[in-house]
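This is the structure I want to talk about, given as structure tokens.
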Amino acid sequence: MTTKTTNVIYWVSTIVFAALMIFSASGGLQPSQQAIQLIHDALGYPVYFIQYISIAKLIGSVVILIPGLNRSVKEWAYAGLFFDLAGAIYSGIASSGKFDPIMLTMLIWILPGILSYYSWHRKTKG
């Protein structure tokens, strides 16, 4: 794979991943009724957690978009965003007691994130 191809894959997947994470955070910055129903009522998390996790997702999304940022800072941002997604999947399964096939839609968030992370490593090493 050429450097140009890697760069294109990196930026497209990173922008898509960050946009999806920012979109998922937007309802929780000022917790909407829908966010409260999902995160508090359905999953059992405290209401104050909604704004906290939304701000963390927003910061992580901005960090992965900043070119040339310290490697360890980006690593932590990617890790935090993936922990958020893993936690969302686990919470959904734990609260319902079974795997719901609708959770496969989480792949829409996970795949661009994996592609972004992988291509970022390729880009910084080569």
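The values are calculated or read from the model by the stated rules, or taken from the named source; none is laboratory data. Remember, it's a predicted structure, so these values are computed and weren't measured experimentally. No Cβ is skipped: glycine too gets one built from the backbone with ideal geometry, and neighbour counts run over all protein chains shown. We work out accessible area using only protein heavy atoms, side chains counted, and drop any ligands, DNA or RNA first. Shrake-Rupley method; radii C 1.70, N 1.55, O 1.52, S 1.80 Å.
For an R0 of 30 angstrom, estimate the FRET efficiency from the Cβ-Cβ distance between Val8 and Ile108 and round to the nearest 0.05.
0.90
Then there's this: Roll a 1.4 Å probe over the protein heavy atoms and report the accessible area of Leu69 in Å², nearest 10.
Number for this one is 60 Å².
With a 1.4 Å probe and every protein chain left in place, tell me how much accessible area Phe23 has, in Å² to the nearest 10.
140
How much of the accessible area of segment 27-126, probe 1.4 Å, is carbon plus sulfur, in whole percent?
69
Can you give me the Cα centroid spacing of segment 53-92 and segment 1-32 in angstrom?
11
Under a 1.4 angstrom probe, counting protein chains only, how are Ser91, Ser96 ranked by accessible area, largest first?
Ser96, Ser91
Let me ask something additional. Pick out, from Gln30, Gly97, Thr5, the residue whose Cα sits farthest towards the positive end of the charge dipole of the chain, with +1 on the Cβ of Lys and Arg and -1 on the Cβ of Asp and Glu.
Positive-end residue among those listed: Thr5.
Just to confirm, what accessible area per residue do you get for the chain at 1.4 Å probe, in whole Å²?
61
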